[in-house]
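Engineer: Have a look at this one.
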Amino acid sequence: MLAQSNADTTAVDTTEAEVKSPEVTSHQLAFSFDATQPFINSYSSVREGYEFAIDYYLHKELYLVLEGGWGSAHVNYTDLAYNSKNSYYAFGINKCLISRLTPNDWDMAFMGVRLAAAPIERTAGTYVVVDSFWGSSSGTIAAKNFVGVWAEITAGIRLELIKGFCVGWNIRGKFMLDGKSFKDLPPTYIAGYGKGDKGSVFDFNLYLTYAIRWRRQHPLSK
Amino acid sequence: MTKGDKRSITALLLLFSVAWLACTQTRQPCAQPKTVYVNAACYHVIADTGNVAIVADTLLPNPLIGVIDTAGKGALFYYGQRNIFQFSMFLNPNSDTCRWFINTDSTFTSKSFDTLTFVYQSKLQFLSNACGYTYYYNLLGVSTTHNNIDSIILENTNVTSNVNVEHLKIYIHPNF
């Protein structure tokens, strides 16, 4: 009886070892876009942005991630007015933290890191300093082109609802690495980052994803 | 993960997404003061050994403190506040000098008023997109008359949004 029990356990372990090696089964390339951005764009008169991501399964539950997007901000307050626009590019990795149930199980709970850069163009800005006693003063801030660089840590989940179609959520902590460029009228919105006048921001993405997969040629079959 | 689990997680996170979107505001309210102040405190010497002067806070019994505008007219900002020893003054961003008057008690005579004259440089300062711009100052000097004020010491020349800095020590005349 005991011998039978040990044999069963060995059989289960062998199956799990096969499940933990998806690199011998498939490649996956996933295309995602942030579905929250069109909603925010539709009711915000200040900012517009679009964010996309591509990830590729490397091995041992590691994914190479490339992200990008573009956006603009249109500030027209009574005491401050300017426009800005930027694109952004980011790369990094995600590490899936949960075990697969089967080799074709691509559901994920993950953590990741990113390094991102954004070339930013800001037009000349006009300001008014309101002073009810001495009288208000106004002036112009010169236009500026500069590059913002930031790092991110992220965590999230991705669930495959229909074969190849997934939905995913990311939360992100973003930390501006070169704050000096942002001291003089940073844009109120930087696509990919968020509020330009904050040294660190918290952000959230809702991704709709389509994943394509193809079989990996087994090394022994060459 | 079962299909039921996926549906539950998806529904939960969609609700969170809606809440997140609802929290996104067009412009955050400005949560910091836009006017910066010169902070002053009053002292008097209670003992002088020749090498070391021992000083103590001086409470002004019923002071009148105000600004003298560019047309030479006064505007009162401290009136009816008894026994204060610290007070704050703001500067004119459209000029490089500014005058404030101080009467240490409300029973005043022509000899009880003193005038503080500030000489400074204004510096435009970005606060945030929510607050816009304001002015910070670099104090170049402060002078005073000597009716009830014995002397003044400029402790800190940078006038910023830091409210914890004491810029000016005002020594009240020992006979007051």
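The values are calculated or read from the model by the stated rules, or taken from the named source; none is laboratory data. All figures in this text were calculated on a predicted structure; none of them were measured in a lab. Note that we place each Cβ from the backbone using ideal geometry, even for glycine, and neighbour counts take in every protein chain shown. Surface accessibility is based on the protein's heavy atoms, side chains included, excluding ligands, DNA and RNA. Shrake-Rupley method; radii C 1.70, N 1.55, O 1.52, S 1.80 Å.
Engineer: A:PHE202 - would you say it is open to solvent by 70 Å² or more (accessible area, probe 1.4 Å) and in a strand (DSSP E or B)?
Structural biologist: yes
Engineer: Within 14 Å of another protein chain (Cβ to nearest Cβ) and free of Cβ contacts under 8 Å to residues at least 24 places away in the same chain: which single residue out of B:THR134, B:THR109, B:THR49, B:THR97 fits that description?
Structural biologist: One residue alone meets the criteria, B:THR97.
Engineer: Can you tell me how many residues within segment A:101-133 are open to solvent by less than 40 Å² (accessible area, probe 1.4 Å) and under 30 Å from the mean Cα position of the chain (by Cα)?
Structural biologist: Number satisfying all stated conditions: 14.
Engineer: Then there is this: Which condition number in (1) within 14 Å of chain A (Cβ to nearest Cβ); (2) crowded, with 16+ Cβ neighbours inside 10 Å; (3) in a strand (DSSP E or B) is the one that B:LYS123 fails?
Structural biologist: Of everything listed in (1) within 14 Å of chain A (Cβ to nearest Cβ); (2) crowded, with 16+ Cβ neighbours inside 10 Å; (3) in a strand (DSSP E or B), B:LYS123 misses just condition (2).
Quick grid of which residues meet (1) charged (D, E, K, R); (2) part of a strand (DSSP E or B); (3) more than 10 Å from chain B (Cβ to nearest Cβ):
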| site | (1), (2), (3) |
| --- | --- |
| A:VAL75 | no, yes, no |
| A:TYR89 | no, yes, yes |
| A:LYS95 | yes, yes, yes |
| A:ALA116 | no, yes, yes |
| A:VAL128 | no, yes, no |
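Engineer: How many residues does segment B:126-149 contain that are over 18 Å from the mean Cα position of the chain (by Cα), of a type in the set (S, T, N, Q), assigned to a strand (DSSP E or B) and under 30 Å from A:ILE190 (Cβ atoms)?
Structural biologist: Number satisfying all stated conditions: 1.
Engineer: Just for segment B:73-98: of the residues that are assigned to a strand (DSSP E or B) and surrounded by fewer than 17 Cβ atoms within 10 Å (Cβ to Cβ), which one is nearest to the chain's Cα centre (by Cα)?
Structural biologist: Ranking the candidates gives B:SER88 first.
Engineer: Can you spot a residue in segment A:148-156 that is open to solvent by less than 30 Å² (accessible area, probe 1.4 Å), under 16 Å from B:GLY132 (Cβ atoms), touching a strand residue (DSSP E or B) at 6+ places or on another chain (Cβ under 9 Å) and in contact (Cβ under 8 Å) with a residue 40 or more places away in the chain?
Structural biologist: No; the residues of segment A:148-156 include none that is open to solvent by less than 30 Å² (accessible area, probe 1.4 Å), under 16 Å from B:GLY132 (Cβ atoms), touching a strand residue (DSSP E or B) at 6+ places or on another chain (Cβ under 9 Å) and in contact (Cβ under 8 Å) with a residue 40 or more places away in the chain.
Engineer: Name the single residue, out of those in segment A:208-222 being surrounded by 14 or more Cβ atoms within 10 Å (Cβ to Cβ) and either touching a Leu at 6+ places or on another chain (Cβ under 9 Å) or at pLDDT 90 or above (or both), that is farthest from A:PHE33 (Cα to Cα).
Structural biologist: A:ARG213
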